[in-house]
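Read-outs throughout are calculated quantities, based only on the coordinates presented, and are distinct from any laboratory measurement. Treat the numbers as computed from the prediction; the structure is a model and nothing was measured. Cβ: placed from backbone, ideal geometry, glycine included. Neighbour counts: every protein chain shown.
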Amino acid sequence: MTKTRRNLILNCASLVVLFGILWLFQEYGTEYQIRILNNIAVFITLAVSYNLVNGICGQLHLGPNAFITIGAYTSALLTMSPTEKQMSFIIKPLIWPLSVIQVPFWISLIMAGTVATVFAFFISFPVFRVRGDYLAIVTLGFGEVVRVLCNALQSVTNGPLGLKGLKPYTNLWWSWSIAIFTIIVIQRLINSSWGRAMKAIRENEIAAQAMGVDPFKHLMMAFLISAFFSGVAGGLLAHLITTISPTLFTFFLTFNLLIIIVVGGLGSTTGAVIGATLFAWGGEALRVVESPMDIGPIHIPGIPGMRMVLFSVILMVVIIFARRGITGRNEFSWDWLLGKLSFGSR
Amino acid sequence: MKGIRWFKILSVLMALCACFVSPAFAEDVIKIGAYLPMTGAVAAYGQMEWNGLQIAHEMRPKALGKEIKLVLVDTKSDKIEAANAVSRLIEKEKVVAIIGEAISGNTMAGNPISEAAKIPSVSPTATNPLVTQGKKYAFRACFIDPFQGQVAARFARDHLKAKKAAVIIDIAQDYCVGLANFFVKEFVKLGGQVVSTTYIQTGDQDFTAQLSAVQAANPDIIYAPNYYTEDALMAKQARDLGINVPILTGDGAQADELIKIGGKAVENMYFTAHFHKKAATTELAKEYIKKFEAKYKKEADAFGALAADAYFLLVDAIERAGSTDGTKIRDALASTKNFQGVSGVITMGENGNPIKSVVINKVEDGKFVYVTTVNP
Amino acid sequence: MTTKIFLQQLSNGISLGSLYGLVAIGYTMVYGILRLINFAHGDLLMVAAYTAIYGITLFSLPWYVSFPLAIIITGIIGILLDKCAYKPLRDAPRISLLISAIGASFLLENLALVIIGGVPKAFPRPEVFAKVIEIGGIRIQMLTIYTPIITLILLFGLLYIVFHTKVGKAMRAASVDFETTRLMGIDLDRIIAFTFLLGSSLAAAGGVMWAMKYPQVNPFMGVIPGLKAFIAAVLGGIGNIVGAVLGGFLLGLGEILLVAFMPEMAQYRDAFAFAILILVLLFRPTGIMGEPLVDKT
C-alpha cells in the first residue's frame, strides 16, 4: 500500500468518524454542546482562512473583521423574509432591491463570500502597496471603516439597531462541512506551487521576486481566498446567533483571531484548528473560575471578571513559554501520528 | 516539541479544574439565571445591574417557600458569548427563568434560545423595540424607545415650551438612535423644529466640534438621549463653550456618576426616567432605595432599579403561577397587572413591553429633583 | 462659519492633537527600538488616571504631588511591563511579542475591571486647569492652553535626552542596529527599560491631562486614545519622535475640523482618521517623516 493511498483511506476514515461523532451530538447532545461545537467550527473556518494571509504569506493583516462583517450582513439581508425586514427597519426603510429579495441559505453563503472577495479585491491595491506594520495599520483601518459604515448606512444595515430574527440555519452539518471544505481547499493551495511561492514571499520577498515570483499576484490571491472563506464564515456566524449588529465586529474580533492563530502556531493549519478549538471551548470551560466554589471547607464567592484576567495570564504564559505557538509551523500528518503510536507500542 | 508539552500541561490543568472543583450546589432551590456584561465594553451597565439584582435578592430571597438562587454568567459584552451564556444557563444550570441582558443587541442573541426552550426571560434595560417583537417568552422591565422618545418630545414642547431642538445622537448605541428618532418624529408632529442633528460615538470624549455646530444653530433645547458618561462630559463641554439652554436626556442618564462627573455643568439637565426617590410611591421602591443607599453609599441608579424590577416581576410571576414551569411563569408574567415595582407601577402590555408612567427629573444643587409624571 | 468659531475649534484641535502626540511618542520610541507595536501602551493612560484619582481621594494628596507621583508610578509599571511581558521574548518572532502586548493590554483592563469596577469614576479637576477664560469672545479652558505648552516642553526635553545625552545616543544606536549596539558593550536591557520609563511617563502625563479634559475614568478609557495615538505615530512615520507629535497634531486638528465644518459627517469621525492614514500611506508608504522601513527580524 502506498503512502498516498494509506493517507487517503485514513483521511476518509477520520472524516467518517468525525461526522459520526457530530451525529451522536446532534441526536443525544444538549443544545449547549451543539452550540459550542458550532462555534468551534465557525472559528476554525475563520482561523484557517486568516492564517493563509498571516501565517503562510507572512503579512500582518489586521482586517479580517471587515470581511466577516460584509459576509454576515450580505448573508443575513439575503435570507431574511421581506416581512421580517419591514418590521426590523423601523428608522429608515431598507433600500429597494434588498427589501424584496429572499434566497436560500446556501446561495446567501456563496454571495457572502463573493461580496467579501470583491471588497477584498478593491482594497488589495492600497493594502499591498505597503508592507510590515504599515500594512497592519492599513488593514486595521479598513476593518474599522467597514464597521463605521455599517453603523452609518441605516437604510442598508439598520445601523446600530442591527438585524434580528434570522433563521437559525447554521447547524452542525453546515458549519463542519464548511470548516472541512475550507481546510481542504487551503491545504491544497498551500501545498501547490502557489503556496510555495507564498511561503517564499514570507521568508524573503526580494529573493522571491528575484526568483520570478510576482509578490502582488500571490498576495492578492491569498487575500481574496481568505476573504471568501471569512465572508462565508461571517454568514454562518450570523445564522448561528440569529442577530447581528456592528458591535459584534470590532477589532477585538480581529485580536481574538490573531490570538487563535499565533497561540495555535502561526503558519500551521493544524495550529489554527487547535487554537480555534481551544478558544471556543476554553472560554466556556474557564467559566468555572467565576462561579462560587467550595473547595473542601473553604467557600470562594464568584468573582465576575476573573475569567478574563485568567485568560490574559494564560495567553501571556503560553506565548512566553511556547513562543512559536502550540504546533509551531508543523502540520499534523499521519506519518507523525503513526510514528508516535509505533514508538509507544515498542 | 516544546509547544506540544505545554499544550498537554495546559489541557491537564483545565481538566483538573473542571473535574475537582464542582460549583456549590444545594438541593431544592429555584434557580434564576442572569446573563450580564460583567466584562468588556459595557461592563459598567452589567455591574450596576448586578448590584441592583443582589439587593433585590436580599429583599426577597424566597419564592414558593423555596430558596431562590441567582446564577450569574458573564457575556463579555459580546453576542456570541451571550448566546452561549443563555444556552449554558438553561442546559447546565437548569434555571427556571432568565434575567438579562443589559443591552439590546446581546439580548436579541439570547432571546431566541430561551424562546426555543420555553424559558421566560426579562431584560432589565434592552429598550430596542425589536427585542421582544414576535417573541412569546421575552419580556422587559424598561420602556421601549418609541414611548420614551415621544414623552420627551411632549415634555419639551408643552413644559419647556421649546420650538427649536438640537439633537445629539450617540450613533453607536441603538438605544440612543432609537430614542432620538422617535423624539424627532413626535417633536416635528407637535409643531417643533429640529435645527441641528449631530452625532457622537460611545467612548468619544471630545464633543466640542458637535457642540459648536449646535451653538451656531441656536436651539431652545438640546435633546441628547445618551448614556450618563457621554452626557456628563457633553454637558461639561457645552457649559464651557457657553451654551446655556436646557439639556433633555433619557433614563440612561440616571446614575450618581452623572453628577459626580458632570458637577455644576449638569445642573438643570432634565431626563425622562422610571422613578424618583421623592416620588417613589411603592413600598418596594422605598425599601430598595434605602437598602441600596445603605449598601453602596450612593444614589440608586436606573440600571440597578430596573434589574431589581426584572427580578421582582419574575418572583411575583412564579408566586402567582404557583409553579416553576416555564410556560406557566410566562403566562403569569404576561398577565402582570399594577405590579408595585421599584421603577413604578407596572402592567405588562403587548409583546412583553411594560406599560408604566414616566417620571421627569432634573438635576438641581447636585441632586436629582422630581419635576413631573407623565402617564401613558 | 465665523472666525470666532473657527479659532475656537482650532484651539480645541491643537489641544486634542497634542494629547495624541504625547501618547504617540511612547508608541514610536518603543517601536523604534523593539519594532513592537505596544498595544498595552494606551492602557497606561488608564493606569495613570486611576493612580492620580486614588492619590487625591484616598491619600488626600494635593494635585501637584499626586499627578507627578502618578506619572512616576506609571513609568515604573511601564518598566515592569517590559520585564514581564516583553523581555522574555526578546529573540522571539515579532508576532509573539505582539500577542504578548495584546495579552498585557487585556490583563491591565480586566484587572482594573475586577479590582476597581467598570463604573466610570469622576476625575477631580484642579481649579488651575479647569478655569475658563475669555479672549476676544472665545472661551478657552486653561487646560486647552496648558496642554500644547506642556507637550512641547516635554517634547524638547525628550529631544534633548535623545540627541544630547549618552543614554540617548545608545537609544538611537539600538534603534539602528540592535546586535551591533550590544557588541559595543552597551547594556541593552537597561536602555530598553529606560525607553519604557520615558515612553510610559509621557503616556502617563498624557493620561492625566486626558482625564482632566474628559473627567471620567474607566478601565477602557485608554483604548480609543491608544488607537488614535498609534495612527498618529504611523502617520508621522513610526519610529520618528517629531513625526509622532506632528502626526498627533494633524490627526487631532483634522478630526475636530471635520466635525466642525461638516457636523453631519461626525458619524464617520473614526473612519476619517483611518482614511487620512490610508491616503497618506498611499503616497508616502512609510509616513510623513518616516525613513524607508528596514525589517530587523
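Size of the protein assembly as shown from its Cα atoms: along the principal axes, largest to smallest, the extents are 80, 73, 64 Å. What separates the Cα centres of the stretch B:89-106 and the stretch C:1-71 is a distance of 40 Å.
Stokes-Einstein, applied to the Kirkwood radius of chain A over Cα pairs at a viscosity of 1.306 mPa s and 10 °C, places its translational diffusion at 74 µm² s⁻¹. Each other residue within a Cβ distance under 15 Å of B:Arg157 adds +1 if Lys or Arg and -1 if Asp or Glu, for a net charge of +3. Note on B:Lys136: aspartates and glutamates with a C-alpha under 18 Å away, same-chain residues under 8 apart excluded, are A:Glu84, B:Glu101, B:Glu115, B:Asp325, B:Asp331, B:Glu350. Over chain B, dividing the summed -39,500 (n - 2.57) contributions of all DSSP H runs of at least 4 residues by the number of residues returns a 222 nm mean residue ellipticity of -14000 deg cm²/dmol.
An oblate overall shape is assigned to the stretch B:140-220, the ratio a/c of its alpha-carbon gyration tensor axes (a ≥ b ≥ c) being 1.5 or greater and a/b not exceeding b/c. Over chain C, DSSP H runs of length four or greater, each weighted -39,500 (n - 2.57), average out per residue to a 222 nm ellipticity of -24000 deg cm²/dmol. Among the chymotrypsin sites (Phe, Trp or Tyr not before Pro) in the stretch C:1-82, those located in a DSSP loop and surrounded by at most 16 other Cβ atoms within 10 Å of their own Cβ are C:Phe59. Apply the a/c threshold of 1.5 to the C-alpha gyration tensor of the stretch C:3-283 and tell me whether it is rounded, prolate or oblate. Taking the square roots of the gyration eigenvalues as a ≥ b ≥ c, the stretch C:3-283 is prolate. In the stretch B:330-376, which trypsin sites (Lys or Arg not before Pro) are in a loop and have at most 13 other Cβ atoms within 10 Å, using DSSP for the loop call? Loop-located and lightly packed - B:Lys337. Could you estimate the translational diffusion coefficient of the stretch C:109-221 from the Stokes-Einstein equation, with Rh from the Kirkwood formula over C-alpha pairs, at 25 °C and 0.890 mPa s, in whole µm²/s? For the chosen part, D equals 143 µm²/s.
As a proxy for reagent exposure, ranking B:Val73, C:Val132 by other Cβ atoms within 10 Å from fewest up yields C:Val132, B:Val73. The ranking of C:Ser15, A:Ser49 from fewest to most other beta carbons within 10 Å of each one's beta carbon is C:Ser15, A:Ser49. Counting only lysines at least 8 places from B:Lys189 when in the same chain, those with an alpha carbon closer than 18 Å to its own are A:Lys92, B:Lys161, B:Lys163, B:Lys164.
Amide H to amide H, with H built 1.01 Å from N, B:Ile30 comes under 5 Å of B:Glu67, B:Ile68, B:Lys69, counting only residues 5 or more places away or on other chains. Straight-line reach from B:Lys277: taking Cα to Cα under 12 Å and skipping same-chain neighbours fewer than 8 places apart, the aspartates and glutamates in range are B:Glu287, B:Glu293, B:Glu299, B:Asp301. Near B:Thr202, the amide H atoms lying under 5 Å from its own belong to B:Ile171, B:Ala172, B:Gln173; only residues 5 or more places off or on other chains count, and H is placed 1.01 Å from N.
Computed over neighbours whose Cβ is under 13 Å from that of B:Pro120, the net charge equals +3, Lys and Arg +1, Asp and Glu -1. Ignoring trypsin sites (Lys or Arg not before Pro) that are buried or in helix or strand per DSSP, and keeping those with at most 16 other beta carbon atoms within 10 Å, what is the longest stretch of chain C between them? It works out to C:132-295. Shown is the FRET efficiency for B:Ser323 and C:Ile76, computed with R0 = 60 Å from the Cβ-Cβ distance and rounded to the nearest 0.05: 0.50.
Simple spin-label estimate for B:His159 and A:Gln102 gives 4.4 nm between the two label positions (7 Å along the Cα-to-Cβ direction from each Cα). For B:Ile355, nonlocal amide neighbours, meaning residues 5 or more places apart or on other chains whose placed amide H falls under 5 Å from its own, are B:Thr347, B:Met348, B:Gly349.
Taking Lys and Arg as +1 and Asp and Glu as -1, the other residues whose beta-carbon sits under 13 Å from that of C:Phe249 total 0. Starting from the Cα gyration tensor of the stretch B:146-273, take the square roots of the eigenvalues, sort them a ≥ b ≥ c, and report rounded, prolate or oblate (rounded when a/c is under 1.5, otherwise prolate if a/b is larger than b/c, else oblate). The shape class here is rounded. Within the stretch A:129-177, the trypsin sites (Lys or Arg not before Pro) that combine a DSSP coil assignment with at most 16 other C-beta atoms in a 10 angstrom radius are A:Arg129.
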